[in-house]
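Comments concern the structure below.
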């Protein structure tokens, strides 16, 4: 799994001109899934994300996790994170898991993340044409790949 997490002041997902989900301060997480991703990848990423110290403490230093700030999370599936761009100018998405694999894994990721955070995770709609709006706070944007743990 490959995720892009952004520390946000607020974020939302709009589908067919209606706001589907919205959060205040917290994290917007874009989620890309490969066919060989497993429950182990999900567990590792969920634990990493809720403990990631990217929120400011009283001294303005990124030293607090989302657990400590009581922030919210919006998780949006995004197969384009798995794009290969080495050859030519048109990205290849051959590494992205097909829906039969990625939908259950994405749903498990959301459930696992909710359990780790201790509250509901807001989401987009898998496969929908979504408009994602955010105010990136910092800006803080971090890419984490569960296949590159070392």
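Only the coordinates and a few stated rules stand behind these numbers; no lab work does. All of these numbers come straight from a predicted model, not from anything done at the bench. Backbone-built Cβ (ideal geometry, glycine too); neighbour counts: all protein chains shown.
Computed values, structure above
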| read-out | value |
| --- | --- |
| Options 92, 12; residue that is at negative phi, buried (at least 16 other Cβ atoms within 10 Å of the Cβ) and in contact with a strand residue (DSSP E or B) (Cβ under 9 Å, 6 or more places away or on another chain) | 12 |
| Hits in the range 120-146 - residues which are in a loop (DSSP other than H, G, I, E, B) and in contact (Cβ under 8 Å) with a residue 24 or more places away in the chain | 121, 124, 125, 126, 127, 128, 129, 130, 146 |
| Residues being out of contact with any helix residue (DSSP H, G or I) (no Cβ under 6 Å at 6 or more places or on another chain), surrounded by 16 or more Cβ atoms within 10 Å (Cβ to Cβ) and assigned to a helix (DSSP H, G or I) - total across the range 95-110 | 4 |
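Okay, residues lined up against (1) closer than 24 Å to residue 133 by Cα; (2) part of a strand (DSSP E or B); (3) more than 14 Å from the chain's Cα centre (by Cα):
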position	(1), (2), (3)
75	yes, yes, no
80	yes, no, no
89	no, no, yes
115	no, no, yes
